[in-house]
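Working notes for the structure below.
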Amino acid sequence: MQESIGTLVVAGVGLIGGSFALGLKRAGRVGHVIGVGRSPENLRRALELGVVDEVAQDIAAVAGRADLVLLATPVGQMGALMQALSTTLAPHAIVTDAGSTKGDVVALMRAHLAPHLARCVPAHPIAGSDLSGATAAQYGLYENRKVVLTPLAETDSDACNTVGALWQACGARIERLAPLEHDAIFAAVSHLPHLLAFAYVDMIARKPNAARCFDFAATGFRDFTRIAGSHPEMWRDIALANREALLDELATYRATLEQLEAAVSTGDSARLTETFDTARAARVAWN
Ligand code: TYR
């Protein structure tokens, strides 16, 4: 297992990839960071801010120098990146990712990096915010956050432990899950609420009196909708990548809403109280 790495290639130098690079730099665990991305403007800022030491627009041009590649783009771009990597990667190089979905990333690794699976470590840092881009990157983002690893049967323990150690150097705690369980859990506690927040704000924005509504919206609105300010492309890709689990959660949520709708319409106060009591107790216990 390596405690530190020579050259890190980060594809997607945003909040997540940028904060990983910064965390490793502060911990003295990385020698050189190459940032790869589609936006020259974002890469320029990443360089200026010292998040990366060098930039490139084409991952194939720099992947051969990588000891570790972190894919931190929206998951919809990861297949093409893996394909571009596959021919140039050094045999020892580790490939990991920061995608919010894991079943699709595992399948993409199998499809594009078949000869390299021993060095593939699918991962999901449970951290972030509604902010995005290199300017949002920060040193302490992963302090006391969970990072879930979903290694393949083929992943060697050296690669897995190295990735774990690097996240720990950023302050994170390592957990392991099977990809299927991972995707079911995050459909419920992350992907569904993001979809709901987007749907709800979209609904309000389309009202004829939207401006008046936003004018009077206050704390409850802010708390419920912060995540509707998240990166649209990232969340589109997550919704499509985890579609089955997300559809299950949506169906359950719809049924729950319909029950509440019936309770409101029939004036079933016992039903409303029961739902609110259960929810409140669970939420208070979680906090
Ligand atoms: N969007 C979440 C927030 O604003 C952060 C997050 C997003 C965490 C995606 C994990 C993840 O997969 O709090």
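The values are calculated or read from the model by the stated rules, or taken from the named source; none is laboratory data. It should be emphasised that the depicted structure is a prediction, and the values quoted were computed from it without experimental measurement. Every residue, glycine as well, gets a Cβ built from its backbone with ideal geometry; the counts of neighbours run over all protein chains shown.
Some values worked out for this structure:
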quantity: Matching strands (runs of 3 or more DSSP E) fully within segment 1-95 where at least 1 residues are in contact (Cβ under 8 Å) with a residue 24 or more places away in the chain and closer than 22 Å to V106 by Cα; calculated: 5-11, 30-36, 68-71
quantity: Matching option when the condition is among the polar types (S, T, N, Q) and away from the ligand (no atom under 14 Å from the Cβ), among T96, T101, T150; calculated: T96
quantity: Out of E258, E249, sole residue that is of a type outside the set (A, V, I, L, M) and under 30 Å from P74 (Cβ atoms); calculated: E249
quantity: Of all residues making up segment 31-50, the number that are touching a strand residue (DSSP E or B) at 6+ places or on another chain (Cβ under 9 Å) and surrounded by fewer than 24 Cβ atoms within 10 Å (Cβ to Cβ); calculated: 8
quantity: Among residues of segment 256-287, those that are of a type in the set (D, E) and closer than 21 Å to F224 by Cβ, counted; calculated: 3
quantity: Cβ pairs under 6 Å, 6+ apart, first in segment 225-236 and farther than 12 Å from H191 by Cα, second more than 9 Å from the ligand (Cβ to nearest atom) and of a type in the set (S, T, Y); calculated: H231/S132
quantity: One residue from A165, A134 being away from the ligand (no atom under 16 Å from the Cβ), farther than 18 Å from S4 by Cβ and modelled with pLDDT of 95 or more; calculated: A134
quantity: Elements of type helices (runs of 4 or more DSSP H) contained in segment 170-270, each with 1 or more residues being within 16 Å of the ligand (Cβ to nearest atom) and under 29 Å from G23 (Cβ atoms); calculated: 179-186, 192-205, 219-225, 232-241
quantity: Counted residues, segment 119-138 - those being buried (at least 17 other Cβ atoms within 10 Å of the Cβ) and either over 11 Å from G17 (Cα atoms) or without any contact (Cβ under 8 Å) to a residue 60 or more places away in the chain (or both); calculated: 7
